[in-house]
1. Here is a list of conditions, (1) in contact with a His (Cβ under 9 Å, 6 or more places away or on another chain); (2) over 21 Å from E78 (Cβ atoms), and Y48 meets all of them except one; can you say which number that is?
2. Select from the range 81-103 the residues that are within 27 Å of Y17 (Cβ to Cβ) and in contact (Cβ under 8 Å) with a residue 24 or more places away in the chain and write down the one among them that is surrounded by the most Cβ atoms within 10 Å (Cβ to Cβ).
3. Within the group R94, R148, R167, which residue is in a helix (DSSP H, G or I), at pLDDT 90 or above and touching a His at 6+ places or on another chain (Cβ under 8 Å)?
4. For the range 60-82, enumerate the residues that are closer than 12 Å to K27 by Cβ and not in a loop (DSSP other than H, G, I, E, B).
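The values are calculated or read from the model by the stated rules, or taken from the named source; none is laboratory data. Keep in mind the model is a prediction, meaning the values are calculated, not measured. Virtual Cβ from ideal backbone geometry, glycine too; neighbours counted across all protein chains shown.
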Amino acid sequence: MYNFTINQFAINRYSTYPDIKLLLLLKDNDPLAFAEIYERYCREIFNYAMALVKIPELAKDLVQDVFIKIWEARGKIEVEKSFRSYLFRVCHNRAYDMQKEIAQNRILREQLVNYYEPVIEPEALSQEGDTPYMLLLKQALSSLTPQRRRIYEMCKNDKKSYDEVARELNISPNTVKNHMTNTLSFLRDYLRQHSKLTPLLIWLLQKIF
């Protein structure tokens, strides 16, 4: 982990340099160039990170990860290409990796769900002991036809392949696939319409179920 104290690097002349010059200096391990790049883009990257993950704490972590990546990869940055586009691409890729990490980590998932609990409408709660999010998804599943719900549960809960489900239900694998595609589309729409969940949390809930 690199710790940079930006105020110590505040030299006015660096703020007048174009990106290309800063990147060339950065490739030569100039920490002042890195400091200016950070000051120039950190707010914009934070705003983009917020659009991706919605949670300030996660967005701050994303910004830190992005600029650590920039420092570590400074020798490989192609100065002739758009640096701003490169920053956004790094942020987007790191956000995707972060989502996968959260989806695979039970503690992180619970922390994220708990973060959002206060914004769920009270009407969504009807069973003691269920979190608002699990209950909301259960409500959506209860709206499915019996066959579609059974196929969903066999695929998601029982971890069966489309071929296995097709053999058990005596239907074609393509029919199973179509049911799952329609079901997942319905669940995404239901969650968007009945809650204030962000796209990130919707994605995570689909992973949990």
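1. (2)
2. C91
3. Numbers: R94 fails: touching a His at 6+ places or on another chain (Cβ under 8 Å); R167 fails: touching a His at 6+ places or on another chain (Cβ under 8 Å).
The match here is R148.
4. I70, W71, R74, G75, K76
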